[in-house]
Amino acid sequence: MSETATTTEVASQYAAQVAGDLERNAQEQERIGADIATLQEKLTVLQHDHSVLVNIQQALASTVPAPSAETTTVPSPRKKTAAAPAGGRRSRAEKTTASQGRAAAKKPPAKKTRAAKAAGKAAAVKSDAPTLVELVRRHLAAQSEPRSAAEVTAGLNQAHPERTVQTTVVRNTLEGLVAKQHAQRTKQGSSVYYTATGAPGPIAAPEAATQAEKSK
């Protein structure tokens with residue numbers, strides 16, 4: 001009887017220990033599952049933010065011109081001059097060099113070529129051209145109905161074929177005008193439309209100058 005009672009008691013202890021281990025295991029699984037769900041949600045948010053930041057970076061890169069390569073001019077080594085001959089007489093080579101230097105000093109400066117003048121005139125005309133913000137604002141103010149970023153881009157490319165305008169850049173410009181309260185944003189379904197909130201005002205003068213330049 002004593003051995004049977006001892007075996008039963010040992011079995012009861014093992015059963016109680018196994019039941020406790022099972023309960024702790026289930027609780028640990030539930031805790032880890034909750035942590036995994038939280039981390040998965042954070043990972044989804046981070047992936048979405050990464051996509052948005054990549055799109056913004058690409059849009060900004062398209063508006064910044066590529067830096068031009070700088071060239072460094074290395075001065076040529078100086079030539080050693082020969083020692084003056086005895087008696088203070090100058091050699092024939094020195095006399096020839098001195099005469100060439102005087103002739104070069106008396107030569108009048110060369111006149112600007114026609115190509116240089118044309119390049120200067122083109123640069124002056126380009127500096128007077130309106131900025132993209134001015135063009136977008138004027139185009140939006142001239143419309144009687146709200147326009148999307150794609151419609152504004154198409155209108156600018158048609159009115160100014162010499163300037164290549166991208167929809168992403170125009171959309172960023174429109175959002176900047178909205179932030180400055182120069183334009184208003186409205187949403188119809190999944191589409192976004194923009195409307196000017198007033199006359200362009202100070203940017204009308206550059207437009208008149210541009211039209212006068214084109215008439216020439």
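Values computed for the structure shown
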quantity	calculated
Ranking by accessible area, most exposed first, for His182, His160, His50 with a 1.4 Å probe	His50, His182, His160
Residue-level accessible surface for Glu162, protein heavy atoms, 1.4 Å, Å²	120
Accessible area, probe 1.4 Å, largest first, for residues Val152, Val192, Val169, Val133	Val133, Val192, Val169, Val152
Counted charge near Arg24, where neighbours are those whose Cβ lies closer than 15 Å (Asp, Glu -1; Lys, Arg +1)	-3
Computed label-point distance, nm, for sites Val10 and Ser144 using a 7 Å Cα→Cβ extension	10.0
Translational diffusion coefficient (Stokes-Einstein; Kirkwood radius from C-alpha pairs) of region 1-64 at 10 °C, 1.306 mPa s, in µm²/s	95
Simple label model, 7 Å out from Cα along Cβ direction - Ser51 to Gln100, nm	7.0
Ser51 accessible area, 1.4 Å probe, all protein chains in place, Å² to nearest 10	60
Extension gain (nm, one decimal) between Ala154 and Asp21, 0.36 nm per residue minus Cα-Cα	40.9 nm
Accessible surface, 1.4 Å probe, highest first, among residues Thr167, Thr173, Thr197	Thr197, Thr167, Thr173
Fully extended contour minus Cα-Cα distance, from Thr186 to Gln58, at 0.36 nm per residue	43.6 nm
Exposure of Leu177 as accessible area (Å², to 10), given a probe of 1.4 Å and all protein chains	10
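The values are calculated or read from the model by the stated rules, or taken from the named source; none is laboratory data. Everything numeric here is computed off the predicted structure, so don't read it as measured data. As a convention, Cβ positions derive from the backbone with ideal geometry for all residues, glycine included, and neighbour counts pool all protein chains shown. We work out accessible area using only protein heavy atoms, side chains counted, and drop any ligands, DNA or RNA first. Shrake-Rupley method; radii C 1.70, N 1.55, O 1.52, S 1.80 Å.
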